[in-house]
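Just so it is clear, none of the values below were taken in a lab; they were calculated from the coordinates. This one's a predicted model, so the numbers in the text were calculated from it and none came from an experiment. Using ideal geometry, Cβ is built from the backbone for each residue, glycine included, and neighbour counts are taken over all protein chains shown.
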Amino acid sequence: MPTTPQEPLIADYSINDEEEKKAILREYRALLRSLKESLKKGDKTLLRRAFEIAVEAHKDMRRKSGEPYILHPLAVARIVTEEIGLGVTSAICALLHDTVEDTEITLEDISRDFNPYIAKIIDGLTKISNVVDLKGDTTIQAENFRKILLTLADDPRVILIKLADRLHNMRTLESMKSEKQLKIASETTYIYSPLAHRLGLYEIKSEMEDLAMKYTQPDTYAEIAQGLKDTKRDRTRYINEFIKPLKEDLTHNGFEFEIYGRPKAIHSIHNKMKTKHVTFDEVYDLFAIRVILKSQPDREKEDCWKVYSLITNFYRPSTERLRDWISVPKGNGYEALHTTVMGPGGRWVEVQIRTERMNEIAEKGLAAHWKYKEGTTSPQESKLDAFLQHLRDVLNNPDTDTIDFIQDFKLDLFTEEIYIYTPKGDMRVLPKGATALDFAFDIHTQLGMRCIGAKVNYRLVPLSHQLDSGDQVEVITSSKQNPSEDWLSFLITAKAKTRVKAYLKEDKRRIAEEGRLALKRKFDHLRASMSSHNINELMLYYKKPSQLDLFYAVAVGNIDINELDHFAIYGDKFQHPGREEKKEKLPEEDHTKNKPAKGSELIIFGERSDKILYKLAQCCQPIPGDNVFGFVTSGEGLKIHRTDCPNAAQLLANYGHRIVKTKWAKNKEISFLAGVRIIGMDDVGVIQKITNVISGELKLNMRSLSIDSNDGIFEGTIMVYVHDRDELNNFCNKLGALEGINKIERIEKAED
Ligand code: MN
C-alpha cells in the first residue's frame with residue numbers, strides 16, 4: 001500500500017516538549033511497521049484515528065515514571081503485535097484500552113468511530129480493570145479473577161491484550177511504590193503468568209515470572225543474575241564447541257536452520273535450586289540448545305526426526321528424556337522434539353528441535369494458531385477449543401467457590417499432561433497424577449458423580465487409581481453412588497474438585513440447617529438471642545471458622561449444646577466463663593519465636609508500632625533483614641511474612657487491601673529463631689566443629705541440632721537464635737568454610 005506522507009495529529013499535545021513528541025511519533029511509526037504486512041485498505045486510517053484519540057484522551061496524564069501516559073498504550077500495542085502476533089484490530093484496542101476508563105470517551109463513541117467488535121473488546125478490558133481497582137474484599141478480587149477467565153472464554157483477544165498490558169506494567173514497575181510493586185508482582189505470578197503459560201505464551205510467561213521475582217525476592221534474583229553473568233564466557237565457549245560439528249553436519253545434509261544456546265530463565269533456575277536442593281553451581285542445565293528448521297508443512301515431522309537422528313550420531317541421548325510433542329502436542333498447542341544428550345566433558349545438554357512454525361507457536365501461543373488455521377481445524381486448535389469449553393463449563397457452575405476454584409484451576413495450569421483413551425479409542429488429555437475418578441468427571445459430570453470404579457486396560461481398579469499416559473479406561477457407575485468428602489483427597493482436576501465441593505457444600509448446608517434450628521431452640525430456652533455477637537462468641541469458643549461449620553458441628557453432634565447451660569448471660573449476651581481464663585492459659589510456647597516482646601523491632605507504616613500486636617508467621621519465620629510485609633488476619637491481628645514466603649503470592653494477590661507496609665527497625669536486643677539445613681561428608685569431628693562455631697566463635701544460642709548420617713553423607717538441621725539476617729548469613733558463611741560441609745541452606749520453617 002502507498003505510504004501517506006501525512007503525520008498523525010499530535011499538534012495540540014499539551015506538553016510542549018519536542019523531544020517527547022518525537023519519541024511518541026517514533027513509537028507510533030514502529031507500531032505501524034510491525035503491522036505492515038497485515039494492513040489492509042483503510043486499516044491505517046483507523047489505526048491513526050485510534051492513536052489520535054488516545055493522544056488526546058491522555059494528553060494531561062503522565063505515568064508514575066514521569067513520561068507521557070500515551071507511551072504506555074503505544075507500548076502495549078507493540079507487545080500485542082510484535083510479541084503476541086495479533087493484528088490491527090487488537091492494536092487499535094490496545095491503543096484505546098485505558099481511554100474509556102480514564103477519560104470522557106464512552107463505548108458508544110468507540111462503537112461509532114470504529115466498530116462494535118472493537119467496542120466489545122474494550123468493554124471486556126475495562127470490566128476487568130474496574131474490578132481490580134476496587135479496594136474491595138477477597139470475594140471481589142476472586143470474582144475479578146473469575147471475570148478475567150470468563151472474558152477469556154468469550155473472546156481470547158481480551159485476555160491477550162490484558163496480558164500485554166500487564167507485561168508492560170511489570171516492565172515499568174520500577175517507579176511504583178514498594179507495596180504496590182509487591183501487590184502487582186504477586187497478582188502476576190498468581191494469575192497472569194499461569195494464564196500466559198496455558199495460552200502457550202512461553203516468552204511472556206517467563207519474563208513475567210522473572211520480573212515478579214525481581215521484586216518479591218530481590219536478593220536471590222540478583223544472586224542468580226550475577227551467577228549467570230559470571231559464567232557466561234565459559235558457557236558460550238561450551239555451547240560453541242557443542243554446536244560446531246552439528247552445524248557442519250546439518251548443513252551437509254541440506255538443512256536450512258538456526259542453532260543456538262539459550263540460558264534458562266532466572267525463576268526456573270531458582271525453582272530447580274529449590275526443588276532439587278542444589279546450589280547455582282550444581283544446576284547443570286543452565287541452558288538449552290535450540291534447533292529451528294525451515295521446513296515444508298508436509299515434511300515437518302520427518303525433518304525433525306531426521307535432525308534428531310543426526311544429532312544423536314554425535315552425542316548419546318538419554319533414553320528417559322525424549323519428549324515427542326510433535327506426534328501429540330501439549331494441551332496449549334506446544335509442538336517440539338526435546339531430548340537430552342551427553343555433551344563434551346560428560347555434561348547432559350537439553351536439545352529442542354522445532355520448525356519455524358512450531359517456534360512461532362511456542363513464542364506467540366494462541367494467536368499463532370489462528371494465523372495458521374486458514375479455514376482448516378488443526379488438532380491444536382480443537383484442543384484449545386476444548387480447553388475454552390472446559391473453562392466455560394466450570395465457570396458457569398453457580399455454586400463454585402471462586403477462591404477454591406482459582407486454586408484448583410491454577411494447579412491444572414501448570415502440571416504436565418497425560419493422554420488417556422476411552423474404550424472407543426478417543427483421546428482425552430488430563431494433568432499428570434489424574435485418577436480414574438478425574439477421568440470420569442472429565443468425560444461427564446454425571447459419570448463422575450456416580451462412579452464406583454473403573455477398568456484400566458481391562459483390569460478393575462478403585463476410584464483413586466492414578467492413571468498413566470496411554471491407559472485405556474472404562475468407567476463403572478452405580479445409580480446409588482454419591483460423592484463423598486474423601487474423594488477430595490485424591491482428585492486433582494479443577495473440574496472434578498469443583499463439582500464435588502459444590503455437592504458437599506449443598507449437603508452440608510442441608511445438615512447445618514438442622515443444627516441451626518437446634519441451636520435456636522436452645523437459645524430461646526436460655527432467653528439469649530441469635531445475634532451475631534452470640535454466634536461469634538460460640539464460633540470463637542468452639543474454634544469454628546464459619547457459622548456454617550458451627551451449625552454443622554451442632555447437627556452432627558460434635559458440639560454438645562447442653563454445654564451452653566454453663567455460659568454466663570448478660571442481658572441476652574453470652575459469655576462463657578471459661579473464655580477469659582482460657583486465653584490466659586494459652587501461653588506462647590516460645591515467646592521469641594512468636595511474639596516479640598516490645599514490638600519495637602518492626603516499623604509498621606502509618607501506625608504506631610508499639611500499639612500494634614503482631615506475630616511472625618510460622619510458615620516462613622522471618623527475621624530482621626528479610627524483606628517482609630504485614631498482613632491483617634481476621635482473628636489473630638497482624639502477621640509478618642517474608643515476601644518470598646510460599647504463601648505470599650496467594651495472600652498479596654487475593655487480599656491486597658489487608659497488606660500493611662512493614663520494615664525492620666534496628667534492634668539488637670531480641671533474637672529470632674531461624675533454621676538452616678546442612679549437608680556434608682560424614683566426619684567424626686564435624687559436630688564438634690559446628691558447635692564450636694555456634695557457641696565458641698559466634699556465641700549464638702542454639703535451640704536444636706539434629707544430624708542424620710547415611711553411607712558417609714550426613715544431613716542436619718540447626719535451629720539457632722539470631723538477631724538479624726546479617727548474623728544468619730555470617731553464621732552460614734562460617735559453617736560453609738568448615739571442611740566436610742558441602743551445602744548450607746536456610747529452611748523456611750522449623751520442622752521440630
Ligand atoms: Mn493499561
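As a rough guide to protection, the peptides 505-512, 434-441 ranked by mean Cβ packing within 10 Å, highest first, stand as 434-441, 505-512. Applying 0.36 nm per residue to the separation of LYS244 and ILE679 and subtracting their alpha-carbon distance, the gain on full extension is 152.7 nm.
Proximity of backbone amide H atoms, modeled 1.01 Å from N, is registered between PHE257 and LYS294 at under 5 Å, excluding neighbours fewer than 5 places apart on the same chain. Using only the Cα atoms of region 226-371, build the gyration tensor, take square roots of its eigenvalues as a ≥ b ≥ c, and label the shape rounded, prolate or oblate: rounded if a/c is under 1.5, else prolate if a/b is larger than b/c, else oblate. Oblate is the answer for region 226-371, as a/c is 1.5 or above yet b/c matches or exceeds a/b. Across region 440-453, computed HN-Hα scalar couplings (Karplus, 6.51 cos²θ - 1.76 cosθ + 1.60, θ = phi - 60°) run 4, 5, 5, 6, 6, 4, 5, 5, x, 4, 9, 6, 10, x Hz from first to last residue, x flagging Gly and Pro. Would you work out if region 672-746 is rounded, prolate or oblate? Take a ≥ b ≥ c from the square roots of the eigenvalues of the alpha-carbon gyration tensor; rounded if a/c is under 1.5, else prolate when a/b is larger than b/c, oblate otherwise. It is prolate, given that a/c is not under 1.5 and a/b is the larger ratio.
For region 251-261, putting each phi into the Karplus relation 6.51 cos²θ - 1.76 cosθ + 1.60 with θ = phi - 60° gives couplings of 4, 4, 8, x, 8, 9, 7, 10, 9, 7, x Hz, in residue order, rounded to whole numbers and with x for Gly and Pro. Of all DSSP beta bridges in region 226-371, what percent run antiparallel (nearest 5)? The antiparallel fraction comes to roughly 75 percent. Computed from backbone phi, the HN-Hα couplings of region 498-510 come to 4, 5, 5, 4, 4, 5, 5, 4, 4, 4, 5, 4, 4 Hz, rounded to whole numbers (Karplus: 6.51 cos²θ - 1.76 cosθ + 1.60, θ = phi - 60°; Gly and Pro given as x). This ranking places ASP426, ASP249 by how few other beta-carbon atoms lie within 10 Å of each, fewest first, which gives ASP426, ASP249. Which FRET efficiency, nearest 0.05, do SER464 and ARG262 yield, Cβ-Cβ r, R0 35 Å? Taking R0 as 35 Å, the efficiency between SER464 and ARG262 is 0.30. Close amide H partners of LEU616, meaning residues 5 or more places away or on another chain with modelled amide H under 5 Å apart, are ILE640. Among the trypsin sites (Lys or Arg not before Pro) found in region 636-738, those both in a DSSP coil and sparsely packed, with 16 or fewer other Cβ atoms within 10 Å of their Cβ, are LYS666, LYS668, LYS699. Counting other Cβ atoms within 10 Å as a rough exposure proxy, the listed residues HIS657, HIS525, HIS197 run HIS525, HIS657, HIS197 from fewest neighbours to most. The label-point distance for GLN481 and GLU67, in a model that sets each label 7 Å from Cα toward Cβ, rounds to 5.8 nm. Under the combined filter of DSSP loop state and at most 15 neighbouring Cβ atoms within 10 Å, region 695-745 retains these GluC sites (Glu not before Pro): GLU739. What residues of region 541-556 lie in the reach of a label at ARG521, counting those whose backbone N is under 13 Å from a point 7 Å from the Cα along Cα→Cβ? Zone members listed by number: 555. Cross-linked pairs LYS205/LYS497; LYS44/LYS120; LYS276/LYS432; LYS424/LYS497; LYS480/LYS544; LYS180/LYS274: Cα-Cα separations exceed 29 Å for LYS480/LYS544. Placing unit charges on the Cβ atoms of the charged side chains and taking the dipole of region 672-746 about its Cα centre, the candidate lying farthest along the positive direction among LEU698, GLY712, GLY680 is LEU698.
Applying 1/(1 + (r/R0)^6) with R0 = 22 Å to the Cβ-Cβ distance of SER327 and GLU416 gives a FRET efficiency near 0.85. As a proxy for reagent exposure, ranking PHE51, PHE631, PHE314 by other Cβ atoms within 10 Å from fewest up yields PHE314, PHE631, PHE51.
Compared with the direct C-alpha span, the chain from LYS21 to ASN647 gains 220.9 nm at full extension, assuming 0.36 nm per residue.
Annotation: amide H-H contacts under 5 Å for VAL351 (H modelled 1.01 Å from N, sequence separation of 5 or more, or interchain): ILE289, THR339, THR340, VAL341.
For GLU563 and ARG347, FRET efficiency with R0 = 56 Å and r from the beta-carbon atoms, rounded to 0.05? For R0 = 56 Å, the calculated efficiency reads 0.25. Label-to-label distance, GLU514 versus SER546, with points set 7 angstrom from Cα along the beta-carbon direction: 2.0 nm. In this simple spin-label model, placing a label point 7 Å from the Cα along the Cα-to-Cβ direction at both LYS232 and SER706 gives a separation of 4.5 nm. Once the chain from VAL278 to GLN618 is taken as fully extended at 0.36 nm per residue, the excess over their C-alpha distance is 120.0 nm.
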